[in-house]
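Just so it is clear, none of the values below were taken in a lab; they were calculated from the coordinates. In this text the structure is predicted, and so the values were computed from the model without any measurement. Here the Cβ is made from the backbone with ideal geometry for all residues, glycine too, and neighbour counts use every protein chain on show.
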Amino acid sequence: MTYRKGLKKTYSQQRRARQGRLLKPKPSSGIARAEELVQGLSKTFRTPGYDPSKPLNRQDSAVKAKLIRKELATAFPGVTFRVKTDRFSGGSSVDVFWTDGPASEKVESTAGKYERLDRDPSTGEILSGGNSYVQCHRTISEEVKKQETDSARNRVVNFEKVPDWDPQLTGYVWEKVNKTDYPPKPPPTW
């Protein structure tokens, strides 16, 4: 911020200047941009707060959430993912939510590399404190549930007269739904 002669600084500007916190814009330099391109950093790692000296699973949970959002958006275009973070005394967690779309295994393999669990080397127990969990939560729409239940009833003769809440039928449908990718629904046209 530049000041012309004769203009008076406000009290808060004077105080910040005394404390050395008056931010001046840095001159734009093509050198910094060129160095970044030479190092081959992709857009993924230009996230604010990203520390390139740390591995992915040691980043802050908010940074992890941003990176997971970007990676899922490129891996599964058209699917809407909600990514939320939570911090607690024993560590932090990142939760990923979506409806229908790709199978849970695919999303878990994409987002799972951001998880960090400290384990006891001799027993393998998870140690408390500083752990970072990544959990994926897939919701199945009622349309898909009905479609898969009807197809299960048509395929297996014994399921014709079985109620919808039967554990064998719901288990069969749940296994099928977990392994199947469903295309994202197009946005509604008004």
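Positive contributions from Lys and Arg (+1) and negative ones from Asp and Glu (-1), summed over other residues with Cβ under 9 Å from the Cβ of residue 127, come out at -2. Under a model in which nothing but the beta-carbon of Lys, Arg (+1) and Asp, Glu (-1) is charged, segment 84-190 shows a dipole of about 220 debye around its Cα centre. Taking packing as the residue-averaged number of other Cβ atoms within 10 angstrom, the listed peptides 49-61, 106-118 run from highest to lowest as 106-118, 49-61. Distance distribution note for segment 59-139: the fraction of Cα pairs above 20 angstrom is 33%. Percent of Cα-Cα pairs more than 25 Å apart in segment 81-190, please. Value for segment 81-190: 44 percent of Cα pairs lie more than 25 Å apart. Considering only alpha-carbon pairs that sit under 8 angstrom and 6 or more positions apart, the relative contact order computed for segment 65-190 is 26 percent. Label positions at residue 86 and residue 123, each projected 7 Å from the Cα along the C-beta direction, are separated by 2.5 nm. Each of residue 108 and residue 175 was given a label point 7 Å from its Cα along the Cα-to-Cβ line. The distance between the two points is 1.6 nm. The length gained by stretching the chain between residue 97 and residue 71 to full extension, at 0.36 nm per residue less their Cα-Cα distance, is 7.9 nm.
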